[in-house]
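Input: a single structure, listed below in C-alpha coordinates.
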Amino acid sequence: KKGSYDHFMQKEIHEQPHSLTTTMRGRLKDGGVLLGGLKEHLKTIRRCRRVVFIGCGTSYNAALAARTFVEEMTGIPVTMEVASDLLDRQGPIYREDTAVFVSQSGETADTLLALDYALENGALCVGITNTVGSTLSRKTHCGVHINAGCEIGVASTKAYTSQIVAMAMMALAIGSDQISTQARRNAIISGLTSLPSCVSEVLKLDAEMKELASSLIDSESLLVFGRGYNYATALEGALKVKEVALMHSEGLLAGEMKHGPLALVDEILPIIVIATRDACFSKQQSVIQQLLSRKGRLIVMCSKGDASTVCPNGSCRVIEVPGVADCLQPVINIIPLQLLAYHLTVLRGFDVDQPRNLAKSVTTQ
Ligand code: UD1
Ligand code: M6R
(Lines give C-alpha, C1' and ligand atoms only; values in the text may rest on other atoms or scores of the structure.)
(Ligands and ions follow the chains in the order given, each with its own letter.)
Protein backbone atom coordinates (compact mmCIF):
# COMPACT_ATOMS: atom_id res chain seq x y z
CA LYS A 1 0.00 0.00 0.00
CA LYS A 2 1.15 3.50 -0.83
CA GLY A 3 -0.39 5.09 2.29
CA SER A 4 -0.12 8.86 2.08
CA TYR A 5 2.22 8.74 -0.92
CA ASP A 6 1.29 9.20 -4.59
CA HIS A 7 3.63 6.53 -5.91
CA PHE A 8 5.55 3.49 -4.65
CA MET A 9 8.86 5.00 -5.75
CA GLN A 10 8.16 8.06 -3.61
CA LYS A 11 7.15 5.90 -0.64
CA GLU A 12 10.24 3.71 -1.01
CA ILE A 13 12.59 6.71 -1.21
CA HIS A 14 11.12 8.19 1.97
CA GLU A 15 11.13 4.81 3.73
CA GLN A 16 14.93 4.58 3.67
CA PRO A 17 15.63 5.59 7.29
CA HIS A 18 13.45 2.61 8.24
CA SER A 19 14.64 0.11 5.61
CA LEU A 20 18.27 0.81 6.53
CA THR A 21 17.41 0.25 10.19
CA THR A 22 15.91 -3.16 9.38
CA THR A 23 18.95 -4.06 7.24
CA MET A 24 21.18 -3.49 10.28
CA ARG A 25 18.81 -4.84 12.95
CA GLY A 26 20.45 -7.47 15.17
CA ARG A 27 23.63 -7.35 13.10
CA LEU A 28 25.68 -4.66 14.90
CA LYS A 29 26.51 -6.29 18.21
CA ASP A 30 29.00 -5.45 20.99
CA GLY A 31 30.92 -3.09 18.72
CA GLY A 32 31.22 -5.76 16.00
CA VAL A 33 29.22 -7.08 13.06
CA LEU A 34 27.36 -10.37 13.15
CA LEU A 35 26.06 -11.70 9.84
CA GLY A 36 24.49 -15.07 10.62
CA GLY A 37 24.54 -16.08 6.95
CA LEU A 38 28.31 -15.60 6.55
CA LYS A 39 29.60 -16.66 9.96
CA GLU A 40 30.58 -20.19 8.95
CA HIS A 41 32.22 -19.03 5.72
CA LEU A 42 34.37 -16.08 6.84
CA LYS A 43 37.52 -18.19 7.09
CA THR A 44 37.15 -19.43 3.52
CA ILE A 45 36.43 -15.91 2.24
CA ARG A 46 39.52 -14.51 4.03
CA ARG A 47 41.67 -17.08 2.26
CA CYS A 48 40.30 -16.41 -1.24
CA ARG A 49 42.47 -14.89 -3.98
CA ARG A 50 39.87 -12.50 -5.29
CA VAL A 51 36.33 -11.28 -4.71
CA VAL A 52 34.23 -10.92 -7.87
CA PHE A 53 31.08 -8.79 -7.61
CA ILE A 54 28.41 -9.77 -10.12
CA GLY A 55 25.08 -8.06 -10.80
CA CYS A 56 22.99 -6.03 -13.24
CA GLY A 57 21.69 -2.44 -13.23
CA THR A 58 21.27 -0.90 -9.82
CA SER A 59 22.58 -4.01 -8.05
CA TYR A 60 25.83 -3.73 -10.02
CA ASN A 61 26.05 -0.06 -9.03
CA ALA A 62 25.57 -0.93 -5.35
CA ALA A 63 28.43 -3.42 -5.55
CA LEU A 64 30.59 -0.78 -7.23
CA ALA A 65 29.78 1.63 -4.38
CA ALA A 66 30.92 -0.98 -1.84
CA ARG A 67 34.00 -2.18 -3.73
CA THR A 68 36.60 0.23 -2.32
CA PHE A 69 35.62 -0.43 1.27
CA VAL A 70 35.68 -4.21 0.76
CA GLU A 71 39.21 -3.89 -0.63
CA GLU A 72 40.25 -1.62 2.20
CA MET A 73 38.89 -3.86 4.97
CA THR A 74 39.99 -7.20 3.53
CA GLY A 75 43.09 -6.51 1.43
CA ILE A 76 41.56 -8.85 -1.17
CA PRO A 77 41.36 -7.51 -4.75
CA VAL A 78 37.78 -6.98 -5.89
CA THR A 79 36.80 -7.12 -9.56
CA MET A 80 33.45 -6.09 -11.04
CA GLU A 81 31.34 -8.04 -13.53
CA VAL A 82 28.09 -7.12 -15.24
CA ALA A 83 26.43 -10.56 -15.27
CA SER A 84 25.63 -10.61 -19.00
CA ASP A 85 29.16 -9.51 -19.91
CA LEU A 86 30.76 -12.22 -17.77
CA LEU A 87 28.65 -14.75 -19.67
CA ASP A 88 29.33 -13.20 -23.09
CA ARG A 89 33.08 -13.39 -22.45
CA GLN A 90 32.97 -16.63 -20.51
CA GLY A 91 35.40 -14.73 -18.27
CA PRO A 92 37.71 -16.69 -15.97
CA ILE A 93 36.28 -17.70 -12.58
CA TYR A 94 38.36 -19.95 -10.32
CA ARG A 95 37.92 -22.22 -7.32
CA GLU A 96 39.97 -19.72 -5.31
CA ASP A 97 37.44 -16.92 -6.04
CA THR A 98 34.62 -15.67 -3.88
CA ALA A 99 31.83 -14.69 -6.30
CA VAL A 100 29.33 -12.29 -4.71
CA PHE A 101 25.98 -12.08 -6.53
CA VAL A 102 23.93 -8.97 -5.87
CA SER A 103 20.24 -8.94 -6.79
CA GLN A 104 17.22 -7.28 -5.22
CA SER A 105 14.76 -9.80 -6.64
CA GLY A 106 17.08 -12.80 -6.61
CA GLU A 107 15.42 -13.81 -9.89
CA THR A 108 17.30 -11.86 -12.59
CA ALA A 109 18.05 -14.30 -15.41
CA ASP A 110 21.51 -12.95 -16.29
CA THR A 111 22.60 -13.02 -12.66
CA LEU A 112 21.29 -16.55 -12.14
CA LEU A 113 23.04 -17.80 -15.29
CA ALA A 114 26.28 -16.21 -14.08
CA LEU A 115 25.70 -17.99 -10.76
CA ASP A 116 25.37 -21.37 -12.52
CA TYR A 117 28.58 -20.57 -14.38
CA ALA A 118 30.49 -19.68 -11.19
CA LEU A 119 29.16 -22.78 -9.40
CA GLU A 120 30.38 -24.95 -12.30
CA ASN A 121 33.79 -23.31 -11.99
CA GLY A 122 34.00 -24.13 -8.30
CA ALA A 123 33.94 -20.62 -6.77
CA LEU A 124 32.45 -19.95 -3.34
CA CYS A 125 29.14 -18.27 -4.25
CA VAL A 126 27.69 -15.65 -1.91
CA GLY A 127 24.29 -13.96 -2.38
CA ILE A 128 23.21 -10.46 -1.38
CA THR A 129 19.46 -10.30 -1.95
CA ASN A 130 16.24 -8.77 -0.69
CA THR A 131 14.16 -11.86 -1.36
CA VAL A 132 14.07 -14.74 1.10
CA GLY A 133 13.39 -17.99 -0.75
CA SER A 134 14.47 -16.56 -4.14
CA THR A 135 16.44 -18.70 -6.57
CA LEU A 136 19.58 -16.69 -5.77
CA SER A 137 19.14 -17.20 -2.04
CA ARG A 138 18.59 -20.95 -2.50
CA LYS A 139 21.37 -21.65 -4.99
CA THR A 140 24.23 -19.69 -3.39
CA HIS A 141 26.42 -21.38 -0.74
CA CYS A 142 25.69 -18.62 1.75
CA GLY A 143 24.71 -14.97 1.83
CA VAL A 144 23.01 -12.00 3.40
CA HIS A 145 19.34 -11.05 3.16
CA ILE A 146 19.24 -7.26 3.04
CA ASN A 147 15.81 -7.14 4.73
CA ALA A 148 14.81 -3.82 3.10
CA GLY A 149 11.15 -4.88 2.83
CA CYS A 150 9.24 -5.48 -0.38
CA GLU A 151 10.19 -3.06 -3.18
CA ILE A 152 7.41 -2.45 -5.69
CA GLY A 153 8.52 0.51 -7.85
CA VAL A 154 10.41 -0.70 -10.93
CA ALA A 155 13.15 1.81 -10.11
CA SER A 156 15.19 0.35 -7.29
CA THR A 157 15.76 2.88 -4.49
CA LYS A 158 15.66 1.50 -0.95
CA ALA A 159 17.20 -1.81 -2.06
CA TYR A 160 20.21 0.11 -3.44
CA THR A 161 21.03 1.78 -0.12
CA SER A 162 20.40 -1.42 1.85
CA GLN A 163 22.63 -3.41 -0.52
CA ILE A 164 25.48 -0.93 0.07
CA VAL A 165 25.03 -1.19 3.83
CA ALA A 166 24.87 -5.01 3.70
CA MET A 167 28.11 -5.12 1.70
CA ALA A 168 29.78 -2.63 4.06
CA MET A 169 28.81 -4.93 6.96
CA MET A 170 30.17 -7.88 4.99
CA ALA A 171 33.50 -6.02 4.58
CA LEU A 172 33.59 -5.33 8.32
CA ALA A 173 32.87 -8.99 9.11
CA ILE A 174 35.56 -10.30 6.74
CA GLY A 175 38.11 -7.80 8.08
CA SER A 176 37.23 -8.32 11.74
CA ASP A 177 40.37 -10.42 12.40
CA GLN A 178 42.67 -7.48 11.56
CA ILE A 179 43.97 -5.50 14.52
CA SER A 180 45.45 -2.69 12.43
CA THR A 181 42.03 -1.59 11.16
CA GLN A 182 40.15 -1.86 14.47
CA ALA A 183 39.84 1.93 14.98
CA ARG A 184 38.57 2.41 11.42
CA ARG A 185 36.06 -0.42 11.89
CA ASN A 186 34.77 1.14 15.10
CA ALA A 187 34.33 4.48 13.35
CA ILE A 188 32.35 2.90 10.51
CA ILE A 189 30.16 0.90 12.89
CA SER A 190 29.28 4.09 14.74
CA GLY A 191 28.68 5.74 11.33
CA LEU A 192 26.27 2.95 10.45
CA THR A 193 24.37 3.47 13.69
CA SER A 194 23.76 7.13 12.91
CA LEU A 195 23.15 6.62 9.17
CA PRO A 196 19.32 6.39 9.33
CA SER A 197 19.10 9.79 11.02
CA CYS A 198 21.42 11.32 8.39
CA VAL A 199 19.15 9.83 5.70
CA SER A 200 16.15 11.49 7.37
CA GLU A 201 18.05 14.76 7.21
CA VAL A 202 18.94 14.49 3.53
CA LEU A 203 15.30 13.61 2.69
CA LYS A 204 14.43 17.16 3.76
CA LEU A 205 15.89 18.25 0.40
CA ASP A 206 12.68 16.97 -1.24
CA ALA A 207 11.22 20.43 -2.02
CA GLU A 208 14.60 21.69 -3.23
CA MET A 209 14.95 18.71 -5.58
CA LYS A 210 11.44 19.31 -6.92
CA GLU A 211 12.43 22.88 -7.68
CA LEU A 212 15.65 21.70 -9.36
CA ALA A 213 13.63 19.16 -11.38
CA SER A 214 11.34 21.93 -12.64
CA SER A 215 14.40 23.78 -13.98
CA LEU A 216 15.53 20.66 -15.88
CA ILE A 217 12.16 19.58 -17.24
CA ASP A 218 12.94 20.52 -20.86
CA SER A 219 16.58 19.43 -20.90
CA GLU A 220 17.52 16.80 -23.42
CA SER A 221 20.31 15.32 -21.40
CA LEU A 222 21.92 15.35 -17.97
CA LEU A 223 25.50 14.40 -17.13
CA VAL A 224 26.60 13.27 -13.66
CA PHE A 225 30.30 13.39 -12.77
CA GLY A 226 31.63 11.37 -9.83
CA ARG A 227 34.82 9.65 -8.77
CA GLY A 228 36.14 7.40 -6.01
CA TYR A 229 33.39 6.23 -3.66
CA ASN A 230 30.88 8.28 -5.64
CA TYR A 231 31.53 7.07 -9.16
CA ALA A 232 28.77 4.55 -8.41
CA THR A 233 26.53 7.44 -7.29
CA ALA A 234 27.01 9.08 -10.70
CA LEU A 235 26.11 5.85 -12.55
CA GLU A 236 23.13 5.14 -10.33
CA GLY A 237 21.80 8.74 -10.40
CA ALA A 238 21.98 8.70 -14.20
CA LEU A 239 20.31 5.27 -14.37
CA LYS A 240 17.39 6.55 -12.26
CA VAL A 241 16.95 9.62 -14.49
CA LYS A 242 16.96 7.64 -17.71
CA GLU A 243 14.76 4.78 -16.55
CA VAL A 244 11.92 6.76 -14.96
CA ALA A 245 12.18 10.33 -16.27
CA LEU A 246 12.94 9.02 -19.79
CA MET A 247 15.68 11.62 -20.18
CA HIS A 248 19.08 10.79 -21.59
CA SER A 249 21.60 10.79 -18.78
CA GLU A 250 25.14 9.50 -18.32
CA GLY A 251 27.15 8.89 -15.20
CA LEU A 252 30.81 9.63 -15.89
CA LEU A 253 34.07 9.09 -14.10
CA ALA A 254 35.36 12.62 -13.47
CA GLY A 255 38.93 11.46 -14.06
CA GLU A 256 37.95 10.68 -17.65
CA MET A 257 36.49 14.14 -18.31
CA LYS A 258 39.43 15.44 -20.30
CA HIS A 259 39.55 12.27 -22.37
CA GLY A 260 36.35 13.03 -24.28
CA PRO A 261 33.27 14.20 -22.35
CA LEU A 262 34.67 17.75 -21.95
CA ALA A 263 33.82 18.34 -25.62
CA LEU A 264 30.11 18.19 -24.72
CA VAL A 265 30.28 21.08 -22.24
CA ASP A 266 28.36 24.23 -23.15
CA GLU A 267 25.98 26.69 -21.47
CA ILE A 268 22.94 24.48 -22.02
CA LEU A 269 23.79 20.94 -20.96
CA PRO A 270 23.14 20.50 -17.21
CA ILE A 271 25.96 18.75 -15.33
CA ILE A 272 25.80 17.44 -11.78
CA VAL A 273 29.21 17.21 -10.09
CA ILE A 274 29.48 15.19 -6.88
CA ALA A 275 32.08 16.87 -4.68
CA THR A 276 31.45 15.82 -1.10
CA ARG A 277 34.43 15.65 1.28
CA ASP A 278 36.70 12.65 0.88
CA ALA A 279 40.19 11.92 -0.45
CA CYS A 280 39.09 13.00 -3.98
CA PHE A 281 37.72 16.40 -2.91
CA SER A 282 40.55 18.59 -4.23
CA LYS A 283 40.51 16.76 -7.56
CA GLN A 284 36.76 17.40 -7.85
CA GLN A 285 37.34 21.07 -7.04
CA SER A 286 39.64 21.34 -10.03
CA VAL A 287 37.08 19.54 -12.21
CA ILE A 288 34.53 22.19 -11.17
CA GLN A 289 37.00 24.96 -12.07
CA GLN A 290 37.63 23.48 -15.50
CA LEU A 291 33.92 23.07 -16.20
CA LEU A 292 33.19 26.63 -15.05
CA SER A 293 35.94 28.03 -17.23
CA ARG A 294 34.07 26.46 -20.18
CA LYS A 295 30.82 28.04 -18.96
CA GLY A 296 29.33 24.70 -17.95
CA ARG A 297 25.86 24.73 -16.38
CA LEU A 298 26.76 23.16 -13.04
CA ILE A 299 24.84 21.68 -10.16
CA VAL A 300 27.34 20.75 -7.44
CA MET A 301 26.61 18.30 -4.65
CA CYS A 302 28.83 19.12 -1.68
CA SER A 303 29.09 18.57 2.07
CA LYS A 304 27.18 20.93 4.39
CA GLY A 305 28.98 24.24 4.75
CA ASP A 306 31.04 23.82 1.58
CA ALA A 307 28.82 25.79 -0.83
CA SER A 308 31.12 28.81 -1.03
CA THR A 309 34.23 26.61 -1.18
CA VAL A 310 33.06 24.58 -4.18
CA CYS A 311 31.42 27.50 -5.90
CA PRO A 312 33.08 30.77 -4.83
CA ASN A 313 31.07 33.36 -6.79
CA GLY A 314 27.69 31.68 -6.87
CA SER A 315 28.19 30.59 -10.46
CA CYS A 316 26.59 27.19 -9.92
CA ARG A 317 23.65 25.65 -8.18
CA VAL A 318 24.57 23.78 -4.99
CA ILE A 319 23.02 20.80 -3.20
CA GLU A 320 24.39 20.52 0.36
CA VAL A 321 24.24 17.11 2.02
CA PRO A 322 25.20 15.90 5.51
CA GLY A 323 28.70 14.45 5.77
CA VAL A 324 29.16 10.84 6.94
CA ALA A 325 32.13 8.43 6.83
CA ASP A 326 33.58 8.35 3.28
CA CYS A 327 32.55 4.75 2.55
CA LEU A 328 28.95 5.46 3.64
CA GLN A 329 28.63 8.77 1.77
CA PRO A 330 27.20 7.04 -1.37
CA VAL A 331 24.13 6.10 0.72
CA ILE A 332 23.50 9.79 1.45
CA ASN A 333 24.48 11.18 -1.95
CA ILE A 334 22.15 9.01 -4.02
CA ILE A 335 19.06 10.26 -2.18
CA PRO A 336 18.84 13.77 -3.70
CA LEU A 337 19.31 12.13 -7.12
CA GLN A 338 16.51 9.63 -6.43
CA LEU A 339 14.28 12.58 -5.43
CA LEU A 340 15.33 14.49 -8.54
CA ALA A 341 14.52 11.54 -10.83
CA TYR A 342 11.17 11.08 -9.11
CA HIS A 343 10.09 14.73 -9.44
CA LEU A 344 11.42 15.01 -12.99
CA THR A 345 9.25 12.02 -13.94
CA VAL A 346 6.09 13.41 -12.35
CA LEU A 347 6.66 16.86 -13.86
CA ARG A 348 7.28 15.38 -17.30
CA GLY A 349 4.08 13.38 -16.95
CA PHE A 350 5.50 9.87 -17.14
CA ASP A 351 4.60 6.73 -15.24
CA VAL A 352 6.83 6.63 -12.14
CA ASP A 353 6.24 3.12 -10.90
CA GLN A 354 5.96 1.37 -14.23
CA PRO A 355 8.28 3.00 -16.78
CA ARG A 356 7.62 2.05 -20.40
CA ASN A 357 9.32 -1.12 -21.69
CA LEU A 358 10.63 -2.16 -18.26
CA ALA A 359 9.78 -4.96 -15.82
CA LYS A 360 10.56 -5.13 -12.11
CA SER A 361 12.50 -8.31 -12.50
CA VAL A 362 14.11 -9.30 -15.76
CA THR A 363 13.61 -13.05 -15.81
CA THR A 364 14.56 -13.56 -19.45
CA GLN A 365 17.96 -13.25 -21.07
C1 UD1 B 1 18.34 -15.38 10.26
C2 UD1 B 1 16.85 -15.45 9.91
C3 UD1 B 1 16.14 -14.29 10.58
C4 UD1 B 1 16.37 -14.35 12.10
C5 UD1 B 1 17.87 -14.41 12.40
C6 UD1 B 1 18.05 -14.69 13.88
C7 UD1 B 1 15.94 -16.26 7.77
C8 UD1 B 1 15.78 -16.04 6.32
N9 UD1 B 1 16.66 -15.34 8.47
O10 UD1 B 1 18.88 -14.15 9.79
O11 UD1 B 1 14.74 -14.37 10.30
O12 UD1 B 1 15.82 -13.20 12.72
O13 UD1 B 1 18.50 -15.49 11.67
O14 UD1 B 1 19.38 -14.86 14.19
O15 UD1 B 1 15.43 -17.20 8.31
N16 UD1 B 1 21.59 -17.11 2.33
C17 UD1 B 1 22.11 -17.63 1.16
N18 UD1 B 1 22.11 -16.84 0.05
C19 UD1 B 1 21.62 -15.58 0.04
C20 UD1 B 1 21.10 -15.05 1.23
C21 UD1 B 1 21.12 -15.84 2.37
O22 UD1 B 1 22.56 -18.78 1.11
O23 UD1 B 1 21.63 -14.93 -1.02
C24 UD1 B 1 21.56 -17.97 3.53
C25 UD1 B 1 22.52 -17.53 4.61
O26 UD1 B 1 23.81 -18.05 4.44
C27 UD1 B 1 21.83 -18.09 5.85
C28 UD1 B 1 20.34 -17.98 5.50
O29 UD1 B 1 20.27 -17.89 4.09
O30 UD1 B 1 22.15 -19.44 6.02
C31 UD1 B 1 19.68 -16.80 6.14
O32 UD1 B 1 20.37 -15.61 5.80
P33 UD1 B 1 20.08 -14.23 6.59
O34 UD1 B 1 18.60 -14.03 6.66
O35 UD1 B 1 20.88 -13.15 6.03
O36 UD1 B 1 20.63 -14.68 8.04
P37 UD1 B 1 20.44 -14.01 9.47
O38 UD1 B 1 20.69 -12.53 9.41
O39 UD1 B 1 21.25 -14.82 10.41
O1 M6R C 1 16.49 -7.71 -9.04
P2 M6R C 1 17.87 -7.25 -9.48
O3 M6R C 1 18.54 -6.44 -8.46
O4 M6R C 1 18.72 -8.40 -9.93
O5 M6R C 1 17.61 -6.36 -10.75
C6 M6R C 1 18.70 -5.88 -11.52
C7 M6R C 1 18.24 -4.80 -12.49
O8 M6R C 1 17.31 -5.31 -13.41
C9 M6R C 1 17.61 -3.62 -11.74
O10 M6R C 1 18.43 -3.11 -10.73
C11 M6R C 1 17.25 -2.49 -12.71
O12 M6R C 1 18.42 -1.89 -13.19
C13 M6R C 1 16.36 -1.50 -11.96
N14 M6R C 1 15.11 -1.31 -12.62
C15 M6R C 1 17.03 -0.21 -11.69
O16 M6R C 1 16.22 0.69 -11.01
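The values are calculated or read from the model by the stated rules, or taken from the named source; none is laboratory data. Treat the numbers as computed from the prediction; the structure is a model and nothing was measured. Quick reminder, even Gly has a Cβ in these numbers, built from the backbone with ideal geometry, and neighbours come from all protein chains shown. Ligands, DNA and RNA are excluded from the accessible area calculation, which covers all protein heavy atoms including side chains. Shrake-Rupley method; radii C 1.70, N 1.55, O 1.52, S 1.80 Å.
Tabulated data for the structure shown
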item	result
Options Leu136, Leu113; residue that is within 16 Å of ligand 2 (Cβ to nearest atom), of a type in the set (A, V, I, L, M, F, W, C), open to solvent by 10 Å² or more (accessible area, probe 1.4 Å) and not in a loop (DSSP other than H, G, I, E, B)	Leu113
Residue within the stretch 138-156 that is at pLDDT 95 or above, closer than 21 Å to Gln329 by Cα and among the polar types (S, T, N, Q) present	yes
Wholly enclosed strands (runs of 3 or more DSSP E) of the stretch 240-343 bearing at least 2 residues within 16 Å of ligand 2 (Cβ to nearest atom)	248-253
Enumeration of residues in the stretch 149-184 that are open to solvent by less than 10 Å² (accessible area, probe 1.4 Å) and over 30 Å from His7 (Cα atoms)	Met169, Met170, Ala171, Leu172, Ala173, Ile174, Gly175
Residue list for the stretch 15-49, filter: among the charged types (D, E, K, R) and open to solvent by 50 Å² or more (accessible area, probe 1.4 Å)	Arg25, Lys29, Asp30, Lys39, Glu40, Lys43, Arg46, Arg47, Arg49
